[in-house]
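Notes follow the structure.
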Amino acid sequence: ILCVLSGLPESIIAAACARSGQRVLHVDSRNYYGGNWASFSFSGLLSWVKENKQKTDINDECEDWRKLILENEEVISLSKKDKTIQYVEDFCFGDQDSAEDVEEAGAFPKLPVFGASGAEQPAQESEKECPPVEGALPGVESLEPDNAAGTEPASATEGNGTEVTSENDSSQNTALGESSLELGKTEAAPSEVSAQEPKKVTYCQIVREGRRFNIDLVSKLLYSRGLLIDLLIKSNVSRYAEFKNATRILAFREGKVEQVPCSRADVFNSRQLSMVEKRMLMKFLTFCLDYEQHPDEYQDYENRTFAQFLSTRKLTPSLQHFILHSIAMVSETHCSTLEGLQATKKFLQCLGRYGNTPFLFPLYGQGEIPQCFCRLCAVFGGIYCLRHPVQCLVVDKESGRCKAIVDHFGQRISANYFIVEDSYLSESVCTNVCYRQISRAVLITDQSVLNTDSEQQVSILTVPPVDVGKPAVCVIELCSSTMTCMKDTYLVHLTCPSTKTAREDLEPVVQKLFNLNTEKETENEELEKPRVLWAVYFNMRDSSGINRNSYVGLPSNVYVCSGPDPALGNDCAVKQAETIFQEMFPTEEFCPPPPNPEDIIYDEDEIAPEETGFSSSPETQPESSSEESSSRGTIAVEKEDNEK
């Protein structure tokens, strides 16, 4: 199997293939893992911004590679320029000149993350200038999956990591009652918090503490009962990552940010809802959990929008707003009634599994997830090569199947199956493809959009469309305990389907929520808003949902993976990876659980004592091996200690 690019779908496929005993070579032309799923330190992101503003063709190719093509073969050239990122604009709202001679502090006390390892070299500074951040949060547990049925969900203490485990699904009533987002708590805090001025953070500090940032190119959360969490548990890949609960869900209504009650406890503890509204909301949420059992209540509205259906359910305007934008998180004009009910049920079913909201966020950023699957692939013998561009696919004229690739160095590499990310395909192959775009913005701010007693909040906010025809904007705000930003700052991600450039789509929302003026220009009415310290806008190609038949002249054994999609979760990438794997190996299980160490059988014939110097006794056998022998039914993997 040969995979080109190391995004999330490709990494999952590579891990599944290596786990089933296939030989895998994974190449990427970039100098970092993850592609458009990657995470960067601050200086790494600045380098990425510069590269995408100054895109140039790669011309230093080997001139002799065409000699490797035989007479009965033809080539499909691959794209040499990444065209998935457009309209990149970055802005600094501080004194940028004062940071010209400032260098980034030493390495973060953790293994290098995406974008940080190859994008820049850490500057050497004294620890007095930049004291190292703590290596672990208080109470953070390692992600050792416990696959025993009946395991209790992990507690969701603010600031603590979450242990991802599998357990029997709880009842619907339990799922509805175990979330703890209290609208009342936000009412008592403002008078106290407003008196506390946010600490002044300069651009110079951001540059110096740049390695404490892990900034995702794509902003997503993990549904606690989503396909990705299930795959992480099943494959035991969850051992390689740590997660934090999203602590609150917010709504933007009448120019104000409010916290949304989601569960039974939230609803009845709320101070903003009347008793009548509480009963209305609880009755509707209970109905959504088993709406399939009551088709007579919604079948007349199947061809209407979810918003129209909500207006007939005796819900007040504020309750309709909460359900539509903060629970179902669907479009007001394009979402059908059935889609809205399904989204609401999914939200409610995910409550209480690991914490007080349906969502988890991986510490150190979304870019950790592809890296985890790459690690599993490597454990089972996969080989990875960065900075390794591919010139073309070599196709046999008679069979129409792809036989090999020719790489940037003039080497011909043969394989049976080829996994290619959409961005590598040339314009001649994508003639009939019509791409959508995603508008993205990343902000570094000095305080939260909704201050409370606790500064360590992970929040998700859906801002309704500003104008008719505009999409809703998903806002995810991350605190420093997620290991994605430095202390006293917040990292804010904004995402929506594109209608224009990212700045045109998202800047009106940014202006509603944040103060974009410099400190000297700030007016009184802007003082209460969080101040933006730095921002970047860019458009990213959305290649999800494209039919394979849209690609011209693609061989049958070449499979195309899409880049990130605009959805909040990762279900699209997991479904795509499983579908491609099953097409290649219909009889193999997709990412089966790893074997227990005591079940591993080492084939004595594969170990030659006279050649290797090892005896065949168990005490002296090698601790790890990256090969699997499917013909003899034996498995050789790294031992547990080496994996950790």
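Taking 8 Å as the Cα distance limit and 6 or more residues as the minimum spacing, I'd like the relative contact order of the range 263-350 as a percentage.
Details: 78 pairs, mean separation 28.7, N = 88.
Value for the range 263-350: 33 percent.
Tally up the carbon and sulfur contribution to the accessible surface of the range 263-350 as a whole percent, 1.4 Å probe, everything protein left in place.
Values: 2000 of 4310 Å².
Here it works out to 46 percent.
Residues of the range 263-350: accessible area per residue at 1.4 Å, in Å²? Numbers along the way, then the final one.
On the way: 4310 Å² over 88 residues.
Computed with neighbouring chains in place, this is 49 Å² per residue.
May I ask you to evaluate 6.51 cos²θ - 1.76 cosθ + 1.60, the Karplus curve with θ = phi - 60°, for each residue of the range 83-93 and list the ³J(HN,Hα) values in order in whole Hz, giving x for glycine and proline?
My calculation for the range 83-93 gives 10, 7, 10, 9, 6, 7, 9, 10, 9, 10, 9 Hz in order.
Among Thr501, Thr484, what's the order by accessible area (1.4 angstrom probe), most exposed first? Write out the running numbers ahead of the final one.
Working: Thr501 30, Thr484 0 Å².
These residues rank, largest area first, as Thr501, Thr484.
So, counting K/R as plus one and D/E as minus one, what does the shell of residues with Cβ under 14 Å around Glu507 add up to? Can you show the working numbers first?
Values: positive: Arg440, Lys470, Lys500, Arg503, Lys512; negative: Glu89, Asp90, Asp467, Glu504, Asp505.
Summing Lys and Arg as +1 and Asp and Glu as -1 gives 0.
Per residue and in Å³, how big is the convex hull formed by the alpha-carbon atoms of the range 263-350? Display every interim value, and only then the final one.
Values: hull volume 7.5 nm³, N = 88.
Cα-based convex hull of the range 263-350, divided per residue, equals 85 Å³.
Provide Lys487, Lys512 ordered by accessible surface of protein heavy atoms (probe 1.4 Å), highest first. Before the final figure, lay out the partial values.
Working: Lys487 140, Lys512 95 Å².
Sorted descending by solvent-accessible area, the residues read Lys487, Lys512.
Protein chains only, probe 1.4 Å: how do His408, His294, His493 rank by accessible area, largest first? Kindly include the intermediate steps, with their values, before the conclusion.
Working: His408 30, His294 65, His493 5 Å².
Per-residue accessible area, sorted high to low, gives His294, His408, His493.
The values are calculated or read from the model by the stated rules, or taken from the named source; none is laboratory data. All figures in this text were calculated on a predicted structure; none of them were measured in a lab. Note that each Cβ is placed from the backbone with ideal geometry, even for glycine, and that neighbours are counted across all protein chains shown. Accessible surface is based on the protein model in full, side chains and every heavy atom, while ligands, DNA and RNA are left aside. Shrake-Rupley method; radii C 1.70, N 1.55, O 1.52, S 1.80 Å.
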